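The values are calculated or read from the model by the stated rules, or taken from the named source; none is laboratory data. Nothing here was measured: the structure is a model prediction, and the numbers come from that model. With ideal geometry, Cβ positions are generated from the backbone for all residues, glycine too; neighbour counts draw on all protein chains shown.
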Amino acid sequence: MNSSNTHLVLIPSFNPGMKVKNTVLEALQYWSPVWVVVDGSNDGSKELLEELALSESGLKVVALPVNSGKGAAVLEGIKLAQQAGFTNVLTMDSDGQHPAYKIPEFMALSEASPGAMVLGVPDFGSEAPSLRVKGRKISNWWANLETFWMGIGDSLFGFRVYPIEPLCSIMENSRWMRRFDFDPEAAVRLCWAGVRPINVVAPVRYFSKAEGGVSHFHYFRDNKLLTWMHTRLVIGMFLRLPVIAYRKYWSSR
């Protein structure tokens, strides 16, 4: 297991079911510390994690009183991490979809370039829902347009490493990025701020209900949220055209 006083694993969690225990234990096999921000869960996972933390010294559990969304949970986590002296966080889902064994590789890239963001690019298995796989291509196209193709390999995959300081600054100055819109908007706005993306392929696993899989994705609600998000970002892109063009030019030299 690798340990660090600058880089930590941050897992936002809302009603993930019992898979969260395996997710956390697998992450702890490869990295310490691991922090879980429980976003108002009422499925018993908070109590399960708090009990686990009694025997796992590398685990910290932060419990939020009400469900506020993935981005809100990440923001709470990175503010606490910054106060504790950490500089970078690797975010991963609590439902077991993301590959824990890839954590050291992503962290090593971040340690070599701490000012960059390391973005996972999903390698889908045959069990992945076709609608989800094809639909994300639309969001990816818009994200790359909004950044003048600065290199966002995938806008929606939540397995990635962020530099805390610029992400915290961006989120604290925005009323958005608190729910399902967090991952794509964070990638776009960090590119606008001059944070370089590094893309790494990582497998993703979709579990069936019989396997304990839990999904909080709502097709119409979340796509409506993404549509509004990309509308805001396109407007923001036009307002920032000279700066974006300048950074794109110098990053390609």
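Candidates are the residues of the stretch 12-44 that are without any contact (Cβ under 8 Å) to a residue 40 or more places away in the chain and among the hydroxyl-bearing types (Ser, Thr, Tyr); the one that is nearest to Ala84 (Cα to Cα) is Ser32. Scanning the stretch 1-19 for residues that are surrounded by 21 or more Cβ atoms within 10 Å (Cβ to Cβ) and either hydrophobic (A, V, I, L, M, F, W, C) or part of a helix (DSSP H, G or I) (or both) returns Leu8, Val9, Leu10, Ile11, Phe14. Scanning the stretch 59-98 for residues that are in contact (Cβ under 8 Å) with a residue 24 or more places away in the chain and under 19 Å from Glu111 (Cα atoms) turns up Ile78, Ala81, Gln82, Gly85, Phe86, Thr87, Asn88, Val89, Leu90, Thr91, Met92.
Collect the residues in the stretch 133-167 that are hydrophobic (A, V, I, L, M, F, W, C), under 21 Å from Ala112 (Cα atoms) and modelled with pLDDT of 95 or more, keeping them in residue-number order.
Across the stretch 133-167, the qualifying residues are Ile152, Phe159, Val161, Ile164, Leu167.
Note on the stretch 92-151: residues that are more than 24 Å from Val20 (Cβ to Cβ) and of a type in the set (Phe, Trp, Tyr) amount to 4.
If you take just the helices (runs of 4 or more DSSP H) that sit entirely in the stretch 123-202, which of them hold at least 1 residues that are surrounded by fewer than 18 Cβ atoms within 10 Å (Cβ to Cβ) and out of contact with any Pro (no Cβ under 8 Å at 6 or more places or on another chain)?
Details: elements: 130-146, 164-172, 182-192.
Passing ranges, in order: 130-146, 164-172.
Entry remark, the stretch 110-151: residues being closer than 24 Å to Ala245 by Cα and among the aliphatic types (A, V, I, L, M) number 8 in total. Here is the figure for the stretch 168-197: residues that are modelled with pLDDT of 95 or more and either of a type in the set (Ser, Thr, Tyr) or touching a His at 6+ places or on another chain (Cβ under 7 Å) (or both) total 1.
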